[in-house]
Amino acid sequence: MNQLRTISPFVASKAILRSIIPMTEDNTLFEFTVEDDALRACRPGQFVQLWIPGVGECPISVCSGRVGDTIQLTIRKAGRVTGALFGMAEGDWVGLRGPFGHGFPVDRFSGKDLCLVAGGLGAAPIRSLWQYIIDRRESFGKLILIYGMRHSKHLLFRQEFQQLLRRKDMQVYLAAEDVVGPDLPPLEFQLGRVTDMIALTEVHPEFEVALCGPPIMYKYAVDGLRMKGIPDSNIWLSLERHMKCGIGKCGHCFVGGKFTCKEGPVFQLSELNTIPEVIECGSPRCQYD
Ligand SMILES: Cc1cc2nc3c(=O)[nH]c(=O)nc-3n(C[C@H](O)[C@H](O)[C@H](O)COP(=O)(O)OP(=O)(O)OC[C@H]3O[C@@H](n4cnc5c(N)ncnc54)[C@H](O)[C@@H]3O)c2cc1C
């Protein structure tokens, strides 16, 4: 099947489920062994189409910045495809197509001070970026990571955060609206939202900022960043839209004259200012919520 992959972007290549690591009540980290060179060359912020034979296909962000023989996806059980995956076992196989879309502009980010902002499941694509940066730490300037969630028990990548919080070469802010209860992890949370953390940080107009989260987070985070003087041309958002083909043909993800799958999912905010609905409250339900 892998040979067919080179013939058409519609043909998936085989990926073996190597490990299944539950992270929170409804989010699990799935690691796949991949042989397809295209998948192995995946960049931060890109996504793949996950295909389960006889069930269907859905887009999922790559959440590892360290791709090679394996690729990691953080998945929330939402419906048919993700539900079928949660029923699979190590050693089973799925199909993966991709990678698709433009990820975060890591070449432009080189040498710059960076602020990464994640909300909820938006931490998955942002993780691919922080891992990429940390592996090339000397090529980037200051690094601030802000990750917000409703409750501290929703924290993804808990063990990784225990290490990130100890690093001297980056600042990490974990914000939760609620941190009480038996699930309080041994990590330092701040009460509040990502916008409160943005106000606390020393970001300045030269920073490049990458965001991924629910649309309502974009609205308030963008306001906060603009108040810090960050120009729209330095703000990069990853958008989620319903998409099927991944290559700008089917039109499911077409918004404001753009195919989100092909021209995104990461967009420069200045490109999106003519499409206000993508960052306003009341946008369609988003998996990153
Ligand atoms: C670029 C991109 C990246 C993404 N990255 C991730 C990621 O990293 N991790 C992740 O978990 N998700 C991610 N998603 C979201 C994921 O693709 C969707 O959640 C997808 O719909 C899951 O497919 P499914 O077949 O499991 O769910 P579906 O069957 O499509 O169901 C999805 C939702 O729709 C509802 N629904 C389904 N059918 C109906 C119906 N007939 N009537 C009413 N409601 C219905 C379900 O209840 C569920 O809430 C991403 C999406 C995009 C576009």
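More than 22 Å from F157 (Cα to Cα) and either modelled with pLDDT under 95 or touching a Lys or Arg at 6+ places or on another chain (Cβ under 8 Å) (or both), is that true of R97? First the steps, then the outcome.
Numbers: more than 22 Å from F157 (Cα to Cα): yes; either modelled with pLDDT under 95 or touching a Lys or Arg at 6+ places or on another chain (Cβ under 8 Å) (or both): yes.
Criteria met by R97.
In region 14-67, which residue that is free of Cβ contacts under 8 Å to residues at least 40 places away in the same chain, within 23 Å of P265 (Cβ to Cβ) and of a type in the set (D, E, K, R) is least open to solvent (accessible area, probe 1.4 Å)?
R40
Could you please let me know if F10 is in a loop (DSSP other than H, G, I, E, B) and aromatic (F, W, Y)? Walk me through how you get there before you give the answer.
On the way: in a loop (DSSP other than H, G, I, E, B): yes; aromatic (F, W, Y): yes.
In short, yes.
One line per residue, one yes/no per condition, for (1) under 17 Å from G103 (Cα atoms); (2) more than 9 Å from the ligand (Cβ to nearest atom); (3) touching a Leu at 6+ places or on another chain (Cβ under 6 Å); (4) assigned by TED's automatic domain parsing to the domain that holds G264:
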| residue | (1), (2), (3), (4) |
| --- | --- |
| F30 | no, yes, yes, no |
| A38 | yes, yes, no, no |
| P44 | yes, yes, yes, no |
| I52 | no, no, no, no |
| V67 | yes, yes, no, no |
| G87 | no, yes, no, no |
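When H154 is evaluated against the numbered criteria (1) out of contact with any strand residue (DSSP E or B) (no Cβ under 7 Å at 6 or more places or on another chain); (2) more than 16 Å from the ligand (Cβ to nearest atom); (3) under 22 Å from Y173 (Cα atoms), which criterion, by number, is the only one it fails?
So the condition that H154 fails would be (2).
Taking the criterion of being β-branched (V, I, T) and surrounded by fewer than 20 Cβ atoms within 10 Å (Cβ to Cβ), would at least one residue in region 226-236 satisfy it?
Step one: filter region 226-236 for residues β-branched (V, I, T), giving 230, 235.
The next check asks that each one be surrounded by fewer than 20 Cβ atoms within 10 Å (Cβ to Cβ); those that pass are none.
Checked region 226-236: no residue is β-branched (V, I, T) and surrounded by fewer than 20 Cβ atoms within 10 Å (Cβ to Cβ).
Quickly run through region 18-49 and pick out the residues that are β-branched (V, I, T) and either in contact with a strand residue (DSSP E or B) (Cβ under 8 Å, 6 or more places away or on another chain) or in a strand (DSSP E or B) (or both).
Of the residues in region 18-49, the ones β-branched (V, I, T) are 20-21, 24, 28, 33-34, 48.
Of everything in region 18-49, those that are β-branched (V, I, T) and either in contact with a strand residue (DSSP E or B) (Cβ under 8 Å, 6 or more places away or on another chain) or in a strand (DSSP E or B) (or both) turn out to be I20, I21, T28, T33, V34, V48.
Restricting to region 107-131, give me the number of residues that are touching a helix residue (DSSP H, G or I) at 6+ places or on another chain (Cβ under 6 Å) and in contact (Cβ under 8 Å) with a residue 60 or more places away in the chain.
First, the residues of region 107-131 that are touching a helix residue (DSSP H, G or I) at 6+ places or on another chain (Cβ under 6 Å): 110, 116-119.
With the extra rule that they be in contact (Cβ under 8 Å) with a residue 60 or more places away in the chain, the set shrinks to 116-119.
Residues that pass the stated criteria total 4.
With the checklist (1) over 30 Å from S233 (Cα atoms); (2) crowded, with 19+ Cβ neighbours inside 10 Å; (3) away from the ligand (no atom under 16 Å from the Cβ) in hand, flag the one item L96 doesn't pass.
Failed condition: (3).
Considering only region 184-218, state which residues are surrounded by 15 or more Cβ atoms within 10 Å (Cβ to Cβ) and either part of a loop (DSSP other than H, G, I, E, B) or in contact with a Lys or Arg (Cβ under 6 Å, 6 or more places away or on another chain) (or both).
P185, L187, F189, G192, R193, T201, V203, F207, E208, G213, P214
Before we move on, is A175 under 26 Å from P265 (Cα atoms), touching a residue at least 40 places away in the same chain (Cβ under 8 Å) and either outside the structural domain of P22 (by TED's automatic domain parsing) or of a type in the set (V, I, T) (or both)?
Judged against the criteria, A175 is not a match.
The values are calculated or read from the model by the stated rules, or taken from the named source; none is laboratory data. Quick caveat, the model's predicted, so the values are computed rather than measured. Note that each Cβ is placed from the backbone with ideal geometry, even for glycine, and that neighbours are counted across all protein chains shown. Just the protein is used for accessible areas: all its heavy atoms, side chains included, with ligands, DNA and RNA removed. Shrake-Rupley method; radii C 1.70, N 1.55, O 1.52, S 1.80 Å.
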